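Colleague: Pasting a structure here, questions to come.
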Amino acid sequence: MRSMSNKGRPLGAHNHFQCTRTHQIGALLLVLSTFFFTSLFRRPRSHDSTTFSPDLIRTPGETPLFTDGGDLSWPHRGYGPNLDLKIYVYDEDEVDGLKDLMYGRDGRITSKDCLKGQWGTQVKIHKLLLQSRFRTRKKEEADLFFVPAYVKCVRMMGGLKDKEITETYVKVLSQLPYFRLSGGRDHIFVFPSGAGAHLFKSWETYINRSIILTPEGDRTDKKDTSAFNTWKDIIIPGNVDDSMTTNKARVVKPLPLSKRKYLANYLGRAQGKAGRLKLIELSKQFPDKLESPELKFSGPEKLGRAEYFEHLRNAKFCLAPRGESSWTLRFYESFFVECVPVILSDQIELPFQNVIDYSQISIKWPSNRIGPELLEYLESIPDEDIENMLSRSRKVRCLWVYAPDSSPCSAMEAILWELQRKVRQFHHSTETFWLHNGTFTNRDLVKFSDWKSPLPLP
């Protein structure tokens, strides 16, 4: 045992150490040998889609890591050397009320109906987890629990009203013993729109400790508090149209820079938002540089998907201002027509920041400086720099594609990596107790295996 006293090690003027040339040479040899062996042990190892080399860990200021296959490597710290987790997916017939959250009170809404548009992630993530090699059918061995719900789609199609959504969520949660056991900390919910978890009006009471997957990181413009928490929740990419994310069947292909008609474009509605209104006005001042047509997204003159992407690909820069919320699907769409996205949304949160350096593949411009200065800046960027940004973006856009986690690079694989960081060895809540033999009980000392629904929620 190390002594707490300083006896035997007198300090002060009488304890001099004379450094000779021999000592200096020895110190130099020690440094060189340390460097050699450190380099030896840090040699890269081969890796597949779920493993990586520690040499690929990026530190601030380093060039982002892109590989020709788009296989990005997650850092060791907090993630582990490979994907290793088990997720239980609640079955729609297992919990009373779950079907209502998926298909509406009358059951007339289908998953195919909800697969369309920017909210399709709620269906895609559910379906992909059902197929995932990380899915388990045993609750007792699960690291995490996924609660499927298509509430944004169901609400938009009149399947449930706001009050019904809240009541149904509470009904569902009261039937989940494992939710009560952990206080919801190991349960996953998807909210795929700008409203985020606010679709469930009582989210702050019931699922404020749960893991929320959402493209939206801020709603403080309309709510007192944001439902997104940097430390527990995960930002996911929006749902880009499948016809643009499959290389062989892509409906619109990128144009060479030299053949693009405009410097920049903004394709979207004004929605009374200051940034969007400024862009529309700017396009009237500089019609040869900025395209911002009045687009119809409904009715007989509705813009088709192919026509929309044909507009989007005809500029070097795609401007992405905030709308009803801070995130915008246009940011993700721009990667598939190879147009550099320019973010004009100050509060935006972006996915998978542990492996992507967004300053290498996009531009973020202050929203209060939208005007001629923005176009002058964009015009000053050489085509060579634009080509370099586009080249880097080709290698990461696979992370916006909702493909099976067996794919070498996909949004699903990235989400699983982020979920792995949330796994805990131990869970408990204010209503969970345990005894000397490892038995978990409730406040009445009823053991976990005997808990009956409806359960009082934590």
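The values are calculated or read from the model by the stated rules, or taken from the named source; none is laboratory data. Given the structure is predicted, the values throughout are model-derived calculations rather than measurements. All Cβ positions, even for glycine, are placed from backbone atoms using ideal geometry, and neighbour counts span all protein chains on display. Accessible surface is based on the protein model in full, side chains and every heavy atom, while ligands, DNA and RNA are left aside. Shrake-Rupley method; radii C 1.70, N 1.55, O 1.52, S 1.80 Å.
Colleague: How are the Cα pair distances of segment 87-235 distributed, in percent, across 5 Å bins from 0?
Modeller: Reading upward from the zero bin: 2, 10, 20, 24, 23, 15, 6, 1, 0.
Colleague: Further question: Along the charge dipole of segment 109-220, pointing to its positive end and built from +1/-1 on Cβ of Lys, Arg, Asp and Glu, which listed residue (His198, Trp119, Ser174) has its Cα farthest out?
Modeller: Value computed over the given set: Trp119.
Colleague: Given the pairs Lys127/Lys395; Lys86/Lys127; Lys253/Lys395, which span a C-alpha to C-alpha distance of over 20 angstrom in this model?
Modeller: Lys127/Lys395
Colleague: If the cut-off is a Cα-Cα distance under 15 Å, which aspartates and glutamates reach Lys447, setting aside same-chain residues fewer than 8 apart in sequence?
Modeller: Glu140, Glu431
Colleague: Would you work out what percent of the accessible area of segment 90-212, with all protein chains in place, is carbon or sulfur (probe 1.4 Å)?
Modeller: That fraction is 45 percent.
Colleague: Counting C-alpha atoms alone, how compact is segment 345-424: give Rg to one decimal and Dmax as a whole number, in angstrom.
Modeller: Radius of gyration, then largest Cα-Cα span, for segment 345-424: 16.2, 51 Å.
Colleague: I would also like to ask the following. Normalising by the residue count of segment 242-401, find the relative contact order in percent from Cα pairs under 8 Å and 6+ residues apart.
Modeller: Relative contact order comes out at 24 percent.
Colleague: Sticking with this structure for a sec: Show me the ranking of peptides 445-454, 417-426, 325-334, 131-140 by mean Cβ neighbours inside 10 Å, starting with the highest.
Modeller: Highest-to-lowest ranking by the protection proxy: 325-334, 417-426, 131-140, 445-454.
Colleague: I would also like to ask the following. Based only on Cα atoms, what Rg/Rh ratio does segment 148-252 have, Rh being taken as Kirkwood's radius?
Modeller: Result for segment 148-252 is an Rg/Rh of 1.03.
Colleague: If I stretch the segment between Ser258 and Lys161 completely, what's the gain in nm (0.36 nm per residue apart, minus their alpha carbon distance), one decimal?
Modeller: Result: 29.9 nm gained on full extension.
Colleague: Determine which aspartates and glutamates satisfy two conditions relative to Lys163: a Cα distance under 19 Å, and not lying fewer than 8 residues away in the same chain.
Modeller: Asp96, Asp100, Asp106, Glu204
Colleague: Checking the cross-link filter: which lysines have an alpha carbon closer than 20 Å to that of Lys278, excluding same-chain neighbours under 8 positions apart?
Modeller: Within the straight-line limit of under 20 Å, Lys278 reaches these lysines: Lys289, Lys296, Lys316, Lys364.
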